[in-house]
Amino acid sequence: MIEDHVRKALLYQRRGNKVECYTCERHCIIPEGGLGFCSTRKNLNGQLYTLEYGDISSVSVNPIEKKPFFHFHPGTKALTIGSWSCNFTCPWCQNCDISKSPQSIGKGQYISPVMFIELVRKYHCQGTSVSFNEPTLLFEYSLDIFDLARKEGYYNTYVTNGYMTTKALDMLTTHGLNAINIDIKGEAEAVRKFCAADVDIVWRNAAGSRERGIWVEVTTLVIPGINDTEAGLRSIARRIKGELGNDIPWHVSGYYPAYKFRNESYVPATPTSTLEKARDIGKAEGLKYVYAGNVPGHPYENTFCPHCNRSLIQRHGFTITRYEITLDKRCPYCGEEIPIIG
């Protein structure tokens, strides 16, 4: 008997006795009995199966600001879930307990899609978020909870490294993905070296998400010696403006030593001054909304009108302390339209 968390995968192609996975852009070609790069997908008798459908490592009620989303249903709560493993190799991973634990696959708490929506209702959340580890690995499960959530009037969000295939992104969109926060981890060389990935695919999916009508916010975890140079930060800011738009929120967040960067290859925490510099670079490059993350109480957590520079949303960590945007989403002082969803 197949366990609840083992389900037939949706995106793959048979290649003789092997299968090619089309869930993410690694396109793993998996032999009979073998696993893909992320260890969450297995070739069983010439068919691809996900091993972590509803296999939940973590579940919690989070402010939407924690994702972070600052312009999408501010002040609401999302029931957030994650599973195990990842399709990137980041040595600084801030959630390494689950994302670097493929040995735990199948050992989480099984939560059916119906049970999950019942929890959304029970805890008075306004939406869902698949996060903590890479949500693309919960692809089939995401589609099922999104369908149910949409019927109940809840929003659906992803916090992702953005490495899914365009087919996967199409299906997520069709099933009700409303907002996506995509990690831009650095320039091409750093992402190739540390994440074993092609950052242009991530940019493609960020632009593709916006084209599909999904609300997009971008996060860069700023890491000393990895992606904190002025040239590198300026390059990211320019690409956001040129490929996504100057009204896309960019979160430049502080890193804390974790995983391999905590011990064997120690890298210190991001200085606040570096985040301030990154925020100033983003603004100088023409981005309207740039936020410093993981510095509770800092004024760069707040939303300022890009026209008159008045403070419109004040935050302390994940809590909104003042909100002055009008019902028709404008600055009450100068009338500037502010892009806020919800």
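Summary of computed values
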{"quantity": "Boolean, Tyr291 is aromatic (Phe, Trp, Tyr) and either surrounded by fewer than 18 Cβ atoms within 10 Å (Cβ to Cβ) or assigned to a loop (DSSP other than H, G, I, E, B) (or both)", "calculated": "no"}
{"quantity": "Search result, residues across region 1-58 that are of a type in the set (Val, Ile, Thr) and in a loop (DSSP other than H, G, I, E, B)", "calculated": "Ile2, Val6, Thr23, Thr40"}
{"quantity": "Verdict on Ala231 being outside the structural domain of Pro339 (by TED's automatic domain parsing), free of Cβ contacts under 8 Å to residues at least 40 places away in the same chain, over 18 Å from Asn181 (Cα atoms) and surrounded by fewer than 20 Cβ atoms within 10 Å (Cβ to Cβ)", "calculated": "yes"}
{"quantity": "One residue from Ile341, Ile320 being in contact with a Phe, Trp or Tyr (Cβ under 6 Å, 6 or more places away or on another chain), touching a residue at least 24 places away in the same chain (Cβ under 8 Å), outside the structural domain of Pro68 (by TED's automatic domain parsing) and over 19 Å from Cys93 (Cα atoms)", "calculated": "Ile341"}
{"quantity": "Long-range neighbours under 9 Å by Cβ, at least six apart or interchain, first residue under 12 Å from Leu143 (Cα atoms) and hydrophobic (A, V, I, L, M, F, W, C) within region 156-170, second modelled with pLDDT of 95 or more and part of a strand (DSSP E or B)", "calculated": "Ala168/Cys24; Leu169/Ile180"}
{"quantity": "Those residues of region 174-190 which are small (Gly, Ala, Ser) and surrounded by fewer than 22 Cβ atoms within 10 Å (Cβ to Cβ), in sequence order", "calculated": "Gly176, Ala188, Ala190"}
{"quantity": "Sole exception among (1) over 26 Å from Pro63 (Cα atoms); (2) in a loop (DSSP other than H, G, I, E, B); (3) not aliphatic (A, V, I, L, M) for Pro339, by number", "calculated": "(1)"}
{"quantity": "Residue satisfying all of: in region 1-32; closer than 23 Å to Asp55 by Cβ and among the β-branched types (Val, Ile, Thr); surrounded by the fewest Cβ atoms within 10 Å (Cβ to Cβ) among these", "calculated": "Ile2"}
{"quantity": "Residue selected from region 259-288 under the condition of a type in the set (Gly, Ala, Ser) and closer than 22 Å to Trp92 by Cα, by the criterion surrounded by the fewest Cβ atoms within 10 Å (Cβ to Cβ)", "calculated": "Ser273"}
{"quantity": "Verdict on Arg192 being more than 27 Å from Thr174 (Cβ to Cβ), at pLDDT 95 or above and either part of a helix (DSSP H, G or I) or in contact with a helix residue (DSSP H, G or I) (Cβ under 8 Å, 6 or more places away or on another chain) (or both)", "calculated": "yes"}
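Here is a yes/no grid of residues against (1) assigned by TED's automatic domain parsing to the domain that holds Ala78; (2) out of contact with any Pro (no Cβ under 7 Å at 6 or more places or on another chain):
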{"position": "Ala284", "(1), (2)": "yes, yes"}
{"position": "Tyr289", "(1), (2)": "yes, no"}
{"position": "Ala292", "(1), (2)": "yes, yes"}
{"position": "Ile313", "(1), (2)": "no, no"}
{"position": "Ile325", "(1), (2)": "no, yes"}
{"position": "Lys329", "(1), (2)": "no, yes"}
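The values are calculated or read from the model by the stated rules, or taken from the named source; none is laboratory data. Because the structure is predicted, anything quoted here is derived from the model rather than measured. Glycine also receives a Cβ, built like all others from the backbone with ideal geometry; neighbour counts cover every protein chain displayed.
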